[in-house]
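Asker: Here's a structure for you.
The values are calculated or read from the model by the stated rules, or taken from the named source; none is laboratory data. Quick caveat: nothing in here was measured; it's all calculated off a predicted structure. Note that each Cβ is placed from the backbone with ideal geometry, even for glycine, and that neighbours are counted across all protein chains shown. These area figures cover heavy atoms from the full protein model, side chains too; ligands, DNA and RNA do not enter into them. Shrake-Rupley method; radii C 1.70, N 1.55, O 1.52, S 1.80 Å.
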Amino acid sequence: MIGHEVTTQTSTRKRFRVQDFARSKAEGRKLTMLTAYDGLTAKIFDEAGVDILLVGDSVADNLLGYENTLPVTLDEMVVAARSVCRATKYAMVVADLPFGSYEASPQAAFDSAARMMKQSGAQAVKIEGGDRIAAHVRLLTQSGIPVVGHLGLTPQSEHMLGGKRVQARDDAAAEQLAQDALALQEAGACAVVLEMVPEHVAARVTEILTIPTIGIGAGTEVDGQVLVWTDMAGMTSWSPRFAKQFGQVGQALSDATHAYIDEVRSGTFPAPEHTFTT
Ligand code: KIV
């Protein structure tokens with residue numbers, strides 16, 4: 001009960017800021033991150049006490065009906081991030097830069113990140129890749145833009161990776177991942193997401209970095225966890241093996257919709273208390 005009171009008490013809670021990444025790691029406090037794509041859900045996650053809200057490009061395949069993350073545009077990401085930012089008081093809002101908006105050069109990354117920060121109010125951006133985008137990360141962080149890295153399965157490169165599969169399975173790939181993580185840290189990244197890598201690989205990266213690792217499908221030996229909210233809440237009947245459904249929100253919404261349809265059709269809704277007589 002005390003834990004619950006602490007996490008929902010809003011009067012003393014401060015916004016999660018960039019310094020809190022390193023502080024949490026030093027204190028051994030696990031970070032909680034969830035995706036959010038709109039203000040309605042962002043407010044619920046923020047008030048529940050999540051540290052970081054990620055406006056993920058996974059909005060593409062989870063909400064917008066695209067097949068994967070590649071088609072989502074910077075314009076669409078800005079709209080989603082703006083909605084999340086308006087509803088969020090305490091969590092840090094990190095927005096993904098979408099495929100095609102940053103890879104070509106540090107300048108391209110700066111232009112997209114600056115636009116995201118100006119037009120949405122996000123407090124950090126996330127970009128995918130290691131050493132090959134270290135110069136981009138350096139320019140962003142030197143320009144005052146906090147950056148979260150993303151290694152392992154990087155869905156924007158899924159066609160190069162041959163699908164959504166576990167990464168860094170052999171020693172050479174694990175070593176490359178560790179070097180990429182160090183390159184991001186050296187360039188100024190404040191945290192690194194590790195997606196779909198073996199637990200021992202994530203554990204080693206977590207050990208060698210001073211910035212926190214945030215895992216998704218990377219086991220427990222990381223500094224925090226992130227899940228796509230629709231997976232976490234059980235919005236769909238299917239979710240990836242590494243995700244746990246902590247609720248059955250999709251079923252609850254379906255039940256409510258069925259009840260509404262039944263009551264409208266049977267004439268029991270609206271009842272007298274829902275009806276104006278004068
Ligand atoms: O877009 C997203 O949801 C992500 C998470 C999988 C980390 O990048």
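Asker: For the full complex of protein chains and a 1.4 angstrom probe, list ILE211, ILE44 by accessible area with the highest value first. Mind showing how you got there, number by number?
Answerer: Details: ILE211 20, ILE44 105 Å².
Highest to lowest solvent-accessible surface, that is ILE44, ILE211.
Asker: Quote the FRET efficiency, to the nearest 0.05, computed for ALA173 versus ALA104 with a Förster distance R0 of 22 Å and r equal to the Cβ-Cβ distance. Walk me through the intermediate numbers first.
Answerer: Working: r = 25 Å, r/R0 = 1.15.
So the FRET efficiency works out to roughly 0.30.
Asker: With r as the distance between the Cβ atoms of ALA271 and LEU161 and R0 = 45 Å, compute the FRET efficiency 1/(1 + (r/R0)^6) and round to 0.05.
Answerer: Taking R0 as 45 Å, the efficiency between LEU161 and ALA271 is 0.25.
Asker: Given contacts defined as C-alpha pairs under 8 Å and at least six residues apart, what's the relative contact order of the chain, whole-number percent?
Answerer: Taking the mean separation of contacting Cα pairs over the length of the chain, I get 15 percent.
Asker: Roll a 1.4 Å probe over the protein heavy atoms and report the accessible area of GLU103 in Å², nearest 10.
Answerer: 50
Asker: Fully extended, how many nm does the chain gain between ALA26 and VAL264 (0.36 nm per residue separation, minus their Cα-Cα distance)? Let's see the in-between values first.
Answerer: Numbers: separation 238, 0.36 × 238 = 85.68 nm, distance 5.61 nm.
The span from ALA26 to VAL264 would gain 80.1 nm if fully extended.
Asker: For TRP229, TRP238, give the ranking by accessible area with the largest first, probe 1.4 Å.
Answerer: Largest to smallest exposure gives the sequence TRP238, TRP229.
Asker: A 30 angstrom limit on the alpha carbon distance is what I want to check against. Which of LYS14/LYS118; LYS118/LYS164; LYS14/LYS126; LYS118/LYS244 exceed it?
Answerer: Flagged as over cut-off: LYS118/LYS164; LYS118/LYS244.
Asker: Related question: Counting only residues 5 or more places away or on other chains, whose amide H sits under 5 Å from the amide H of GLN245 once H atoms are built in the peptide plane?
Answerer: none
Asker: Relative contact order of segment 201-241, please, whole-number percent, based on alpha carbon pairs below 8 angstrom and at least 6 residues apart. Before the final figure, lay out each step's value.
Answerer: Details: 36 pairs, mean separation 11.4, N = 41.
Over segment 201-241, the number comes to 28 percent.
Asker: If I model a spin label as a point 7 Å beyond the Cα along the Cα-Cβ vector, how far apart are those points for LYS43 and SER254 in nm?
Answerer: Inter-label distance under the simple model: 2.7 nm.
Asker: Only helical DSSP H runs with n ≥ 4 go in: add -39500 (n - 2.57) per run for the chain, normalise by residue count and round the 222 nm mean residue ellipticity to 500 deg cm²/dmol.
Answerer: -13000 deg cm²/dmol, from helical runs alone.
Asker: Now a separate question. With all protein chains present, calculate the accessible area of SER237 using a 1.4 Å probe and round the result to the nearest 10 Å².
Answerer: Approximately 130 Å² for this residue.
Asker: Sort out for me the Cα centre separation of segment 49-86 from segment 255-278, rounded to whole Å.
Answerer: Segment 49-86 and segment 255-278 have Cα centres separated by 34 Å.
Asker: What is the magnitude of the charge dipole of segment 127-278 about its Cα centre, with +1 placed on the Cβ of each Lys and Arg, -1 on the Cβ of each Asp and Glu, and no other charges, expressed in debye to the nearest 20?
Answerer: Roughly 200 debye for segment 127-278.
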